[in-house]
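Please read the structure below before turning to the comments.
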Amino acid sequence: MIDDELYQTMERLEALSEAPKRGDVDEILARIALTETEIERRHPGQLMRPYLDWKESKLGP
């Protein structure tokens, strides 16, 4: 999975977490944690900065 795909996954999970269906909360949170871990593994010491930068770049100037 390339970074864009990883960030798209995180973006989708964030949207799902804002209005979870009954019983989905635990699974969504677990998937968010796994995705955060993968972002950190790829970009050590930057936490979620690469993802946040990606989101900002999508908004345009």
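The values are calculated or read from the model by the stated rules, or taken from the named source; none is laboratory data. Remember, it's a predicted structure, so these values are computed and weren't measured experimentally. Ideal geometry is used to build each Cβ from the backbone, glycine not excepted, and the neighbour counts take in all protein chains shown.
Of note:
- Of the residues making up region 25-40, those that are over 13 Å from the mean Cα position of the chain (by Cα) and among the charged types (D, E, K, R) are ASP26, GLU27.
- Test: residue in region 41-48 that is surrounded by 12 or more Cβ atoms within 10 Å (Cβ to Cβ), touching a helix residue (DSSP H, G or I) at 6+ places or on another chain (Cβ under 6 Å) and modelled with pLDDT of 95 or more: yes
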